[in-house]
Amino acid sequence: MISTQIRDALVVTAGTELSEQTLAGMTETALENVRSNGVRTVIFELSALRVLDRAEFREIRALQQMIRMLGGSSVLVGLRPGIVMYLVEFDEDLSGIRAFQTLEDALDALALRA
């Protein structure tokens, strides 16, 4: 997991798999930056993920709720079509999710590009 701050946004880039350790690191990094470093939006860049199971997705959803409780917002970037189909087929709650195909799309929509 790599994180980079761009203005008042934090881009958190996941690797090819989400282990418990990676999810814990994403949670700690995102929440600390929203709480202490002026980050208003967390962008979860997930394009390298080959698979995302229901438990991992629910952890990301819970993290998004935590970010909202601290006054921030979050978006998902780069979900593969197969992952999206899987989540829909298993009736995961996708309400309120803001997602973009590419990081560039997200930066443009959030007015973070120069």
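Hey, got a sec? Which trypsin sites (Lys or Arg not before Pro) in the range 47-114 land in a DSSP loop and have at most 10 other Cβ atoms within 10 Å? The partial results should precede the final answer.
Numbers: sites: ARG50, ARG54, ARG58, ARG61, ARG68, ARG98, ARG113; in loops: ARG50, ARG98, ARG113.
Qualifying residues, ordered by number: ARG50.
Only four residue types carry charge here, +1 at the Cβ of Lys and Arg and -1 at the Cβ of Asp and Glu. Report the dipole size of the chain about the Cα centre in Debye, rounded to the nearest 20.
Numbers: 11 positive and 16 negative charges, 72 e Å.
Around 340 debye, computed over the chain.
When the convex hull of the C-alpha atoms of the range 2-109 is computed, what volume per residue in Å³ does it have?
Numbers: hull volume 9.7 nm³, N = 108.
Here the figure is 90 Å³ per residue.
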Expected sort for ILE43, ILE2 with the fewest Cβ neighbours (10 Å cutoff) up front is ILE2, ILE43
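Values in this text are rule-based calculations from the coordinates and carry no lab data. Worth saying up front: this structure is predicted, and the values here are computed from it rather than measured. Glycine also receives a Cβ, built like all others from the backbone with ideal geometry; neighbour counts cover every protein chain displayed.
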